[in-house]
Amino acid sequence: MTRVLITNDDGIDAPGLCALAEAALGAGFDVTVAAPAVQSSGSSASIVAAETNGRIGVEHRTLAPIPEVKAFAIQGGPGLIALIAARGAFGDPADVVLSGVNHGANVGRAILHSGTVGAALTGGLNGARAMAVSLDVGMNPGRFHWKSGADAAIALIPELLAREEGTVMNVNVPNSESARGIRESTLAPFGIVQMTVAESEESYLRLAVEELPNVPTAHSDAANLADGWITVTGIDSIIERPLGLGAQPGSSDEAGSPPGSGGSGTR
């Protein structure tokens, strides 16, 4: 049976987390829930935790709709949870890490800052297949369609399992009972919202979130989501980018050649 870890950055009491766990259990997966004890949005893939004498607090929880599922509230962020899960903190490491259903869309290159996405990337980096799933509730939602987000994630698991270990998908779902369908999308160059400094004094800052006025780039996750599609984007964590500095000291290719000298490996 496929082992699935459910986590999030909205915290153990978030309704999207429970909806996702309930859907995964209903689909026949072996489900474990481990989520931050408190809200951890914007934590990216941070592995910082609240420690006491070098120990990270773990509290066993019962999720009312699914009391049979093992659930843990952790004094740490979702990136840390995905990491320690891969090290056997909650039993055998998961085959699949599902992070969400997040309260709000995670689109564009701003997903760098998302704890929802950070958990999925950490899971993928440690050998699992992983998916971040978010519900586009907007700034002032009248109703939350958590089940739509959860069902979309579960429907995509066969596609995820067909890919190699380490594959990570970022999924965004319209906040409605039905979407137009699924569309693979590029990352927009920005997100849907941005953080701003709302107040600045000598001893403190107050931040606020506001919607961006930009028109989404065509075929991007932001544009397709706004048009009513479930968006799917394959993402990687840290990747290297060649700088064209030439051979480095100690390498077998013209060791000691100055950068840009035209030796082997300069391009």
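Would you confirm, using the coordinates I've provided, whether Ile182 is modelled with pLDDT of 65 or more, surrounded by 12 or more Cβ atoms within 10 Å (Cβ to Cβ) and of a type in the set (Val, Ile, Thr)? It would help to see each step written out before you state the result.
Details: modelled with pLDDT of 65 or more: yes; surrounded by 12 or more Cβ atoms within 10 Å (Cβ to Cβ): yes; of a type in the set (Val, Ile, Thr): yes.
Yes: the conditions hold for Ile182.
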Those residues of segment 134-179 which are farther than 25 Å from Met1 by Cα, among the hydroxyl-bearing types (Ser, Thr, Tyr) and surrounded by 14 or more Cβ atoms within 10 Å (Cβ to Cβ), in sequence order: Ser134
Test of understanding: among Leu125, Leu161, Leu156, which residue is on the phi < 0 side of the Ramachandran plot and either basic (Lys, Arg) or under 13 Å from the mean Cα position of the chain (by Cα) (or both)? Leu125
Restricting to segment 115-148, what's the tally of residues that are assigned to a helix (DSSP H, G or I) and under 23 Å from Ser237 (Cβ atoms)? 11
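Quick one: which of Ala23, Ala45 is buried (at least 17 other Cβ atoms within 10 Å of the Cβ) and modelled with pLDDT of 95 or more? Please lay out each step first, then the result.
Numbers: Ala45 fails: modelled with pLDDT of 95 or more.
Result: Ala23 is the single residue among Ala23, Ala45 that is buried (at least 17 other Cβ atoms within 10 Å of the Cβ) and modelled with pLDDT of 95 or more.
Among the residues of segment 57-66, is any loosely packed, with under 15 Cβ neighbours inside 10 Å, out of contact with any strand residue (DSSP E or B) (no Cβ under 8 Å at 6 or more places or on another chain) and in the same structural domain as Ala130 (by TED's automatic domain parsing)?
Yes - at least one qualifying residue is present in segment 57-66.
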Looking at Phe72, Phe90, can you tell me which residue is surrounded by 16 or more Cβ atoms within 10 Å (Cβ to Cβ), over 17 Å from Ala128 (Cα atoms) and among the aromatic types (Phe, Trp, Tyr)? Phe72
Considering only segment 93-111, I want to know if a residue exists there that is within 22 Å of Leu160 (Cβ to Cβ), modelled with pLDDT of 95 or more and of a type in the set (D, E, K, R). yes
For Ala71, the lone unmet condition from (1) in a loop (DSSP other than H, G, I, E, B); (2) small (Gly, Ala, Ser); (3) at pLDDT 95 or above is (1)
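Hey, can you tell me all the residues within segment 185-236 that are part of a loop (DSSP other than H, G, I, E, B), of a type in the set (A, V, I, L, M) and modelled with pLDDT of 65 or more?
Of all residues in segment 185-236, those part of a loop (DSSP other than H, G, I, E, B) come to 185, 187-192, 201-204, 212-219, 227-229, 236.
This time we only want the ones that are of a type in the set (A, V, I, L, M), so: 187-188, 192, 212, 215, 218.
The answer is Leu187, Ala188, Val215, Ala218.
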Within segment 155-169, is even one residue modelled with pLDDT of 95 or more and either of a type in the set (Phe, Trp, Tyr) or part of a strand (DSSP E or B) (or both)? yes
For segment 48-65: of the residues being in a loop (DSSP other than H, G, I, E, B) and among the β-branched types (Val, Ile, Thr), which is modelled with the lowest pLDDT? Val48
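Taking segment 77-100, which residues are in a loop (DSSP other than H, G, I, E, B) and within 13 Å of Ala120 (Cα to Cα)?
Going through segment 77-100, the residues in a loop (DSSP other than H, G, I, E, B) turn out to be 77, 87-88, 90, 92-95.
Correct list: Gly77, Ala94, Asp95.
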Criterion violated by Thr32 - all others in (1) free of Cβ contacts under 8 Å to residues at least 24 places away in the same chain; (2) within 22 Å of Leu125 (Cα to Cα); (3) of a type in the set (Val, Ile, Thr) satisfied: (1)
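The values are calculated or read from the model by the stated rules, or taken from the named source; none is laboratory data. Predicted model only: the values in this text are computed from it and were never measured. Note that we place each Cβ from the backbone using ideal geometry, even for glycine, and neighbour counts take in every protein chain shown.
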